Amino acid sequence: MNQSKSPLLLLSLLTFGCEPKGVTDPNDAPPDTAAPEVEEERVVWEDMRHGTSVTFQDAHAVGSQLIVVTTDGQTWRYVEDTWTNLPLNVDEEDLNGIWGGGGVDNLKMVGVGAAGIIIDWTGTNWEVSEHGTALFQAVDGDNINDLVAVGGAGPWRNISGEWTADPELGHEKFSDVWYNGTTGLAVGDDGKIAWLIDGEWILDEVDVDVDLYGVSGVDYSEIWVTGARGTLLKWNGTAWQSIELDTNANMWSVWAPAAVGNLAFVVGANGEAYKVQGTVAEPIYTGVDNILYSVTGTNETNVWATGGRGVALHYTGE
């Protein structure tokens, strides 16, 4: 026959069983050991996005203004918290790259895009020309009469206002180009790099097998290149150096402020952005997850990143 326990004995047993192991007084129990708090990532970019579904493919900054080219053949200007459309008739063909020179009052701009489209800013409107070639991806240069464009049909040159194909590299495909009037560098798939020196193109042999997407430079001794799987390369005038970003995301664009030297801003997938000084990369948190396709600016405290779904982010260094 089972013998029932008295209420007093039962209460004593329950109380004894609830005490932490090795502790006789509940007041002496160790506190809960929760995971340490992780410092919140401080967002340092100001979100100036435009309410649109198009992608801001590339941008040019002048003063406090920003001009972007987009998918579906649109161009927009940002001035004092307001986005204004700059009308353009290109049958909704994607625009992929833009170059700009001069100041706000004498601004010159050239944009390039699909179906061999090239657009020229006259100061009040765009003039459109079609060159019957594969798409253009990017354009850069020293001035309005000395530009290089690249894309799916090899490099094209604009010398003294007339665009012509540069036959030296045939139909080599490139994603981006940097050109300062003396030296040029184009990058493309599978680690492809080509130099433009003294008017001649030369393919470089670089031990990189990933697709390369972006290039920016200060001069021949400082050129930066970004690419797939977190790739960042730096040319120091004699050799290429790989810089660790601690990410596997595609890095789509890089911009090097000419007045500073040894400094670059890098942006890419998942809203990732980095400030790179020498060989040290520091994440600068954006607070967005949009793909960032372009980064540009006027100096290290006036930097813009643009990308998917009309995102436009402004960084002032603070």
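Every read-out reported here was derived from the displayed coordinates using simple, explicitly stated rules and does not represent laboratory data. Since this is a predicted model, take the numbers as computed values, not measurements. Positions of Cβ are backbone-derived with ideal geometry, glycine not excepted, and every protein chain shown enters the neighbour counts.
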*Give, rounded to the nearest 20 debye, the magnitude of the charge dipole that the chain has about its Cα centre when Lys and Arg contribute +1 at Cβ and Asp and Glu contribute -1 at Cβ.*
700 debye
*Let a ≥ b ≥ c be the square roots of the eigenvalues of the Cα gyration tensor of the range 69-124; is it rounded (a/c under 1.5), or, if not, prolate (a/b larger than b/c) or oblate?*
oblate
*Have a look at Asn250, Asn106, Asn145 and tell me which one the Gaussian network model of the chain (Cα, springs below 10 Å) gives the largest fluctuation.*
Asn106
*What is the ratio of the Cα radius of gyration of the range 46-315 to 2.2 N^0.38 Å, where N is its residue count, to two decimals?*
0.92
*asked:* Using only the alpha-carbon atoms, how far is helix 7-18 inclined from the longest principal axis of the chain? Give it as 0 to 90 degrees, nearest 10.
replied: 30 degrees
*Ordered by residue, what ³J(HN,Hα) values in Hz, to whole numbers, does the range 286-292 give under the Karplus form 6.51 cos²θ - 1.76 cosθ + 1.60, where θ = phi - 60° and Gly and Pro are x?*
9, x, 10, 10, 5, 5, 9
_In the range 218-288, the GluC sites (Glu not before Pro) that fall in loop regions by DSSP, at most 12 other Cβ within 10 Å_ = Glu244
_Computed over the range 173-294, the ratio Rg/Rh where both radii use C-alpha atoms and Rh is Kirkwood_ = 0.95
*Taking neighbour counts of Cβ atoms within 10 Å as a proxy for exposure, in what order, fewest first, do Arg309, Arg157, Arg42 appear?*
Arg42, Arg309, Arg157
*Environment charge of Val276, counting only residues whose C-beta is closer than 14 Å and scoring Lys/Arg +1, Asp/Glu -1*: -4
*For the range 244-257, take each phi angle, set θ = phi - 60°, evaluate the Karplus expression 6.51 cos²θ - 1.76 cosθ + 1.60, and give the result in whole Hz per residue in order, putting x for glycine and proline.*
7, 9, 6, 8, 10, 6, 5, 9, 8, 8, 9, 9, 10, x
*What is the order of Val303, Val215, Val225, fewest Cβ neighbours within 10 Å to most?*
Val303, Val225, Val215
_Formal net charge of residues neighbouring Thr316 (Cβ-Cβ distance under 11 Å; K, R +1; D, E -1)_ = -3
_Summed residue charge, Cβ within 12 Å of Asp72's Cβ, Lys/Arg positive, Asp/Glu negative_ = -4
_Relative contact order of the chain, please, whole-number percent, based on alpha carbon pairs below 8 angstrom and at least 6 residues apart._
14 percent
*Just Val69, Val206, Val218 to compare: in a GNM of the chain, with alpha carbon springs under 10 Å, which one fluctuates most?*
Val206
*Please report how far the C-alpha centroid of the range 71-125 lies from that of the range 268-309, rounded to the nearest whole angstrom.*
22 Å
*Taking neighbour counts of Cβ atoms within 10 Å as a proxy for exposure, in what order, fewest first, do Leu292, Leu66, Leu245 appear?*
Leu245, Leu66, Leu292
*Taking the chain as a Gaussian network, where each spring joins two C-alpha atoms under 10 Å apart, which residue of Thr298, Thr122, Thr306 fluctuates the most?*
Thr122
_Given the DSSP H assignment, sum -39500 (n - 2.57) over each helix run of at least 4 residues in the chain and divide by its residue total; what's the result at 222 nm in deg cm²/dmol, nearest 500?_
-1000 deg cm²/dmol
*What is the magnitude of the charge dipole of the range 40-141 about its Cα centre, with +1 placed on the Cβ of each Lys and Arg, -1 on the Cβ of each Asp and Glu, and no other charges, expressed in debye to the nearest 20?*
200 debye
